[in-house]
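Since the structure comes first, as structure tokens, the remarks are kept for the end.
Throughout, read-outs are computed from the coordinates displayed, never taken from laboratory work. Here the structure is a predicted model, which is why all the values come from computation and not from measurement. Cβ sites come from the backbone with ideal geometry, for glycine too, and all protein chains shown count toward neighbours.
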Amino acid sequence: MIKHIVMWKFRPGTEREMQEFLDGLKGLYGVIPQIREQQVGINCVDGNYDAVLISLFDSLADLETYKKDPRHVAVSALCKAIRTDRVAVDFEV
């Protein structure tokens with residue numbers, strides 16, 4: 001199993017777009033079959049990053065399939081337009 005964790009910082013004034021992006025991510029669960037589990041959250045305290053995605057995949061191949069899925073690519077396009085920073089880590093569990 002592969003755990004995929006991504007965190008983002010968003011430009012000030014893009015809260016509506018951030019929520020649209022996060023809702024889009026949530027909408028991928030149950031639609032893209034490679035996603036085994038998924039959590040999406042907004043930081044509830046002042047911190048370094050604004051939001052996080054934690055998802056679980058059976059394999060690195062499944063993670064790559066997810067990343068290339070046109071539905072994921074479309075959701076990610078909005079994120080790229082409003083983010084100032086992104087960090088990610090993938091590890092075996």
Helices (runs of 4 or more DSSP H) contained in the chain and holding at least 2 residues aliphatic (A, V, I, L, M) and surrounded by 13 or more Cβ atoms within 10 Å (Cβ to Cβ): 15-28, 70-82
Odd one out for D69 among (1) in contact (Cβ under 8 Å) with a residue 60 or more places away in the chain; (2) in contact with a helix residue (DSSP H, G or I) (Cβ under 9 Å, 6 or more places away or on another chain); (3) of a type in the set (D, E): (1)
Meets criteria (out of contact with any Gly (no Cβ under 9 Å at 6 or more places or on another chain) and under 22 Å from Q19 (Cα atoms)) for T65: no
